[in-house]
Amino acid sequence: MEYLGDVWFIVWGLLWGIYFALDGYDFGIGLLAPVIGLSRTESAAMHQATGPFWDGNEVWLITAGGVTFAAFPVAYAVLFSSLYTPLMLLLLALILRGAAAEFRHQFQDGRWLFFWDLTLAGCGFLAALLLGVAFSNIFRGLPLDADQVFQGNILNLLHPYALLGGLLFVLMFVYHGAVYLAEWVTGDLSVKAALAAKLSWPAFMLCFLLYVILTFFWVGFWDRYLASPLMFCLPVACLAAFLASGWQLYLTGHLKKAFLYNGLGIICLALTGVMGIYPNLIPSRLDPLGAVTIAKAASSPKVLLIMLVVAIIFVPAVIAYQWWAHRRLAEKIHSDYYLKA
Amino acid sequence: MDPIILSRLQFALATFFHFLYVPLTLGLAFFIAVMETRYVRTGQEIYRAQAKYWGRIFLINFALGVVTGITLEFQFGTNWASYSRYVGDIFGSLLAIEATAAFFLESTFIAVWAFGWNKVSKKVHLTAIWLVSGSGLMSALWIILANGFMQNPVGFKFDPAGRRVVLESFTAVLGNPYGWGMYFHTVFGAMLLCGFLVMGISAWHIFRRRNVEFFHKSFKLGLCFALTFSILAGLAGHQLGQITAEYQPAKLAAMESQWETRTNAPMHLLVIPPYDDREENLVEELPLPGLLSFLATGDSSSEVRGLKSFAPGDRPPVWPVFLSFRLMVALGTLFVAVSVLAALFRRRIPELRYSLLLFVLMIPLPYLALELGWAVTEIGRQPWVVYGLMRTAAAGSPIDWYQVAGSLVVMGGVYTVLTVLGFFLMGRAALKNPGDYDAGGYDAAQGGA
């Protein structure tokens, strides 16, 4: 039954990756709305692009959180109580994002729309930054004492490496959202979105490379990867997917592929990070005894097995029906659409 | 300041705000599904308009349910880390299954319903709302079974290492009688809340003599909900009372402010519990002989434990539990009475005048009753976080009080603003004419979203 903990460890990383790849474009589009959605119809079109999907995307977060709780209760307890304030801020961003999605179109008043556009952009920025900062801190290790009690404060969490991680997430999601938007809207807005994608990709890649170099050589992933070199295929796949996304964007102009490659890259990035801390869920940089390992954190084999059966049945089903729903609901949005209203 | 107290306040705040939206989501999804089924069966446009009109309110309400719900799943980790470590094996898995098996379905198909009026076939669209309704009810089941474990822990064993409890029997956890008792009472309550909301809004339109035919149809289905489910909620509540008597006698004693253990226990109509350390009621009048024993166990000669039989440290706070319970029961009785009255006058509703306003005034009361019910359940569970197994005082996180104070203030402020805004927008949507939702433009493109 030893393998069950490992299986769940990988599923855990995979769920976070899927969440980033899906909600990431919502955050990115929210962030871009005040920048490129200059007319009222354009910003409305940007909201319509994410309107049917943000909620379904957010459930991946609920699932990732729920799986952390179910499969690794100790990790859930230590992680979320240690990162109390950042997590509360993330929740605040998600609350206001959801409110913005539902409230924004209720009044066609300029100031009202502007307020929610700014809120959405602020929430997108905050959520992306916090997710990047939080996961960078996990990769680097939290200051946990031997009893797994957090001995840091919010300022320790804002280490330059973590802030670089936050910036990476912001740029990655902006690029992700821009590509998605360019594919699903038409006319000037699509051109502007594609331009935003083309401008953000180099910054994103630069940040990505710097982050990976630091993660491998300063945080110490290199040694752990050397121990089982097969894992190197993850960061390589990640880089290849991001490059393929850029290739599709600049050279073939196939935006859907650019988006899908980038999503794949994001998932590989999450797995790269998670495999780099194996067998820890939360390494400790204060006292190695405080590290939350799979063995220390995992639920009983019985629960892991039941959960695995549930996951094997439902997760592919979820992916299938979300895919179907996206195919049925997504359509090219014309930004002159609203003029009829 | 004690972080535990603040964490409790924060949890109460988040759940009570969340539960302003959950019942209507459950009830209205079912209501709309019935209306849309009529549309698909008969092809009459009025039923399509019904689905769209009520759908508008439903979607605002749903969004608020989502944004207030998201904090709940994470609060167990942020504020109740010791609890999460101790029972995560069982409790966490129920939450995870809820997200995977139910909430995904609800969130995805609500979008298909809201945005798919012109994009999927009639039958697929109808299936979408039934899936939303069914998955909402499934969601509620998983969550309440998780809560049921806190009320009546079953199917667990102590881990050899001793720092947690682990799952022994999944079927026992799923078959927890306390969980099922709460589930039916809650779901029936949700349906009756929807019934009264629909009746209230419809009555207002009928009172204003607008779209009378349309709203008479809504009213009748709302009445059907209110009548059926106020009776069922009462019966399920009685059932839950018996389950409580069996598994949480201290809660039952607090609900009734019953201090002495006695057989053939009467129910007193007039009771004033003590406000200090005294262990007897200040006033205890108008006894109905044997009724409490009968209600608690089905046998009027049976023994009912009083609060004195529990150590003072094991008793829940009496006043809030007692008052919430009495008020909830009074409201529940009122719901049955008003539903029966409305049923007698159901054909004459369009001719009524000022008596219609009664139904408008009724709208907030089921909300109050449902929140009171949860107050009974959760305050009555104290001082335990998991009844008999773990005390609330031992369940917290190693966090600083000012962190919790900060999040409490911010969350309280944000939820208050969003709730005011949300109910204002729902009210605004309710005051519109059904025809407004079939006009062209943005609303139509979003299917009334």
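Computed values, structure above
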quantity: From the C-alpha gyration tensor of the stretch A:2-340, square roots of 5λ in Å; calculated: 34, 21, 20
quantity: Paired Rg and Dmax values of the stretch B:98-138, which use every Cα atom, in angstrom; calculated: 9.9, 30
quantity: Distance cut-off 18 Å, percentage of C-alpha pairs in the stretch B:289-419 lying past it; calculated: 74
quantity: Loop-located chymotrypsin sites (Phe, Trp or Tyr not before Pro) in the stretch B:250-327, at most 11 other Cβ atoms within 10 Å (DSSP); calculated: B:Tyr275
quantity: Values of log10 I(q)/I(0), in the order q = 0.11 Å⁻¹, for chain B under a Debye, Cα-only, solvent-free model; calculated: -0.93
quantity: Computed over the stretch A:2-340: relative contact order in percent, which uses C-alpha pairs under 8 Å that are six or more apart; calculated: 29
quantity: Length added when fully stretched, B:Leu352-B:Thr419, from 0.36 nm per residue minus Cα-Cα; calculated: 20.9 nm
quantity: Dimensionless Rg ratio for the stretch B:248-341, taking C-alpha atoms and the 2.2 N^0.38 Å reference; calculated: 1.11
quantity: Per residue convex hull volume, Cα atoms of the stretch B:1-79, in Å³; calculated: 72
quantity: Overall dimensions of the stretch B:47-120 by Cα: Rg and Dmax, Å; calculated: 16.7, 51
quantity: Where Rh is the Kirkwood radius over Cα pairs, Rg/Rh for the stretch B:348-387; calculated: 1.39
quantity: Principal axis dimensions, largest first and in whole angstrom, of the stretch A:1-143 by Cα; calculated: 58, 28, 22
quantity: Percentage relative contact order, the stretch A:204-341, counting C-alpha pairs under 8 Å, at least six apart; calculated: 15
quantity: Gyration tensor verdict on the stretch A:262-332 (Cα atoms; rounded if a/c is under 1.5, prolate if a/b is larger than b/c, oblate otherwise); calculated: oblate
quantity: Spread of Cα-to-Cα distances over 10 Å intervals beginning at zero, given as percent, for the stretch A:197-243; calculated: 25, 49, 22, 4
quantity: Descending Cα extents along the principal axes, the stretch B:216-275, whole Å; calculated: 52, 25, 21
quantity: Reduced Cα scattering model of the stretch B:9-146, Debye log10 I(q)/I(0), q = 0.12, 0.15, 0.16, 0.20 Å⁻¹; calculated: -0.52, -0.74, -0.82, -1.13
quantity: Calculated P(r) tail over 16 Å for the stretch A:43-90, as whole % of Cα pairs; calculated: 55
quantity: Structure-based [θ]222 nm, the protein assembly as shown - -39500 (n - 2.57) summed over DSSP H runs of at least 4, per residue, nearest 500; calculated: -24000 deg cm²/dmol
quantity: Radius, Kirkwood style, for the stretch A:166-242 when every pair of distinct Cα atoms is counted (Å); calculated: 13.9
quantity: Rg to Rh, two decimals, where the stretch A:1-72 supplies the alpha carbon set and Rh follows Kirkwood; calculated: 1.20
quantity: Semi-axis lengths (Å, descending) of the ellipsoid that matches the C-alpha gyration tensor of the stretch A:219-265; calculated: 28, 8, 7
quantity: Inter-centroid distance (Cα atoms) of the stretch B:152-192 relative to the stretch B:86-100, Å; calculated: 11
quantity: Kirkwood Rh in Å, taken over all unlike Cα pairs in the protein assembly as shown; calculated: 27.7
quantity: Only Lys, Arg (+1) and Asp, Glu (-1) charged, at Cβ; chain B dipole about Cα centre in debye; calculated: 1720
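Any read-out appearing in this document is the output of simple, stated calculations on the displayed coordinates, not a laboratory observation. These figures come from a predicted structure and were not determined experimentally. Quick reminder, even Gly has a Cβ in these numbers, built from the backbone with ideal geometry, and neighbours come from all protein chains shown.
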